[in-house]
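Following: one structure in structure tokens, then a few remarks.
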Amino acid sequence: MKKFKRKTFYLGGFDPRGVRFYHQLYREQAARHAALTGQPLTVGGRQAGVAGSTVSAVWAVDNSAAGVETDYEYLRWEDLVGKVWIRNPFSLALRAARAYAGHARQMDFLRMRRLRKGPVITILYPPLLAMLIPLFLALVPALLLSLLLPFWAGAIIGIAISALLSGRILAKLVVPWLLRFMTYHGALAAEGPGEALDERLDQFAARIAQELDGDWDEVQLVTHSAGTILGMRLMRRLIALRGGSLPDHFVMVGLGQVVPVIGLRRDAAWYHDDLRALADKVFRYVDISSPPDGAAYYNVNPFRLVADQFAARVDMLSPRFHLFYLAENYHGGWSNKYEAHFDYLRVGDRLSPLDFISLTAGRRTVDDAVAAFRTIP
């Protein structure tokens, strides 16, 4: 069997955990894939990328039974995320309040609601819960204890209970992460990416451009979550490096797309320019976003945010996770929003042509995987 050789670039979201976490996640999901197929799938160790360990890490994926070799390159920006990751809860509360004031002024929430209602709820519930849960946990015990104790004593105990429990409850509801996400992207929309992030995106674009002439049957740029936002700016630079066009064996994949978080900010003129610059460029784009994922924009074409027409060949798909998970294992989107947003990177209880390992380590090209997926009733 002739070897199928794939180059995969992965650009992840706003997450300080970085390459170690995602390499381990890939190994775990590859093992699940191998168990379902009965075919071995070997994931090699991490190594520094060609442009240095700051820019990327690489590992080899060998699917010998299918005759597939994948050179997987994880594009790194977790160091930049770590520099803006707000750890102090009081600082987070203050900066989130300022960020949400900016979103209130600049975000086109009416248009966002017409596109998808779920993300609007996901954006708005964190500040409400961040205020109401600590207040509720302090006030209710204080009022109950005031029947037995002086009110001041009940208030102190109530505040102590709130301080003890609020953080755990809010973390379970993913409130701190969403507040950090919205705070960062509020600044990103208003101020632009800044020198450090733009330099990193230039390095990413240079790496992809370098590999497009390599001996690959397919070259993928897979973006996930907030990586789908940066992916559009990266694509503009990549196309410019390649003189305005890309080869047919290149494909961009968006998982859990969140482009409207910046694209619908009225003050993000720099980002609107990126999207408009891409609207008349010919390339392959596949968007895989789940309707129950409250953090993603299912069936929202990023290019239509700024243009009536676009030249890219676009597919907008739901992964239909419910078909590939047993009921007891399916996150569903509301029971655990954070985990649901990472299901794009997992393998279910049954194989899907669009699961992450099948896309990046399977024999099918992305186009073939989309065609196979569309035949599923």
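The values are calculated or read from the model by the stated rules, or taken from the named source; none is laboratory data. As the structure is a computational prediction, the values presented were derived from the model and not from experiment. For neighbour counting, all protein chains shown are included, and Cβ atoms are generated from backbone atoms with ideal geometry for every residue, glycine included. Surface accessibility is based on the protein's heavy atoms, side chains included, excluding ligands, DNA and RNA. Shrake-Rupley method; radii C 1.70, N 1.55, O 1.52, S 1.80 Å.
Brief remarks follow.
- Residue order by solvent-accessible surface for Ile229, Ile156, Ile133 is Ile156, Ile133, Ile229, largest first, with ligands and nucleic acids left out and a 1.4 Å probe.
- Euclidean distance between Cα centres, the stretch 303-377 to the stretch 111-170, Å: 36
- Whichever aspartates and glutamates have a C-alpha closer than 14 Å to that of Lys3, once near sequence neighbours (fewer than 8 apart) are set aside: Asp62, Glu69, Asp71, Asp215, Asp217, Glu218
- Accessible surface of the chain [probe 1.4 Å, protein heavy atoms]: carbon and sulfur percent: 58
- Rg/Rh (Cα only; Kirkwood hydrodynamic radius) as it applies to the stretch 249-337: 1.04
- In the context of the full set of protein chains, residues of the chain present 44 Å² of accessible surface per residue (probe radius 1.4 Å, heavy atoms only).
- Placing +1 on the Cβ of every Lys and Arg and -1 on the Cβ of every Asp and Glu, with nothing else charged, gives the stretch 101-246 a dipole about its Cα centre of roughly 820 debye.
- Straight-distance candidates among the lysines for linking to Lys281, with alpha-carbon spacing under 28 Å and chain neighbours fewer than 8 residues away dropped: Lys5, Lys7.
- For the stretch 76-140, fraction of C-alpha pairs farther apart than 20 Å, in %: 48
- Net charge dipole size for the chain [Lys, Arg +1 and Asp, Glu -1 on Cβ; Debye, nearest 20]: 760
- The relative contact order of the chain comes to 18 percent, based on Cα pairs under 8 Å that sit 6 or more residues apart.
- Anchor Lys117: lysines whose Cα lies under 20 Å away (excluding residues fewer than 8 positions away in-chain): Lys337
- Take the convex hull of the alpha carbons in the stretch 224-377; its mean projected area over all directions comes to 9.5 nm².
- Protection proxy ranking, highest mean first, for peptides 88-101, 296-309: 296-309, 88-101, where packing is the per-residue count of other beta-carbon atoms within 10 Å, averaged.
- Nearest-20 debye value, the stretch 78-145 charge dipole, Cβ charges on Lys, Arg, Asp, Glu: 340
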